[in-house]
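The values are calculated or read from the model by the stated rules, or taken from the named source; none is laboratory data. What you see is a predicted model, and the numbers here were worked out from it, not measured in a lab. Every residue, glycine as well, gets a Cβ built from its backbone with ideal geometry; the counts of neighbours run over all protein chains shown.
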Amino acid sequence: MLDPDGDRIPGTFVTGWIKRGPIGLIGHTKSDAAETVSHLVAETTPTATSREPEAVDAFLLERGVEVANLDHWLRLDQHEIALGEPSGRTRVKVATRDEMLAAGR
């Protein structure tokens, strides 16, 4: 990300419309996200004390960040599918992070 003078802001990573503006299709934002993640990994790998998933989860939990794993995502997926069934829809997306985390628990 760049500041108003066009200088890079270290440690700031963006994707989607904040990176490109309100243009592009899903394919564009997916490739933007992949590019952003590669920059994030390249910048943080040299300073990371541990890259083990358990260590990353512990680091986040120590800071009060709730971690969602694959089991949580699978529960959220089933929850969204169940929400859609009464109206004949494939699913109803849960919109907020708090709702997603609650459904995943």
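When the helices (runs of 4 or more DSSP H) confined to segment 14-76 are screened for residues that are farther than 25 Å from Gly104 by Cα and either modelled with pLDDT of 85 or more or of a type in the set (Gly, Ala, Ser) (or both), those reaching at least 2 such residues are found at 26-44. In segment 48-63, the residues that are at negative phi form Cβ pairs under 7 Å with partners that are not in a helix (DSSP H, G or I), at six or more places apart or across chains, as follows: Asp57/Val67; Leu60/Val67; Leu61/Val67.
Among the residues making up segment 5-30, those that are surrounded by 13 or more Cβ atoms within 10 Å (Cβ to Cβ) and not charged (D, E, K, R) are Phe13, Val14, Thr15, Gly16, Gly24, His28, Thr29.
Any residue in segment 91-102 that is in contact (Cβ under 8 Å) with a residue 12 or more places away in the chain and assigned to a helix (DSSP H, G or I) sitting within a Cβ distance under 9 Å of a residue that is surrounded by 11 or more Cβ atoms within 10 Å (Cβ to Cβ) and β-branched (Val, Ile, Thr)? List the pairs, counting only those 6 or more apart or interchain. Qualifying pairs under 9 Å: Met100/Val94. Within 16 Å of the chain's Cα centre (by Cα) and surrounded by 10 or more Cβ atoms within 10 Å (Cβ to Cβ) - does that describe any residue in segment 80-93? Within segment 80-93, one or more residues are within 16 Å of the chain's Cα centre (by Cα) and surrounded by 10 or more Cβ atoms within 10 Å (Cβ to Cβ).
One residue alone among Ala34, Ala68, Ala42 is under 18 Å from the mean Cα position of the chain (by Cα), surrounded by 12 or more Cβ atoms within 10 Å (Cβ to Cβ) and of a type in the set (A, V, I, L, M, F, W, C), and that residue is Ala68.
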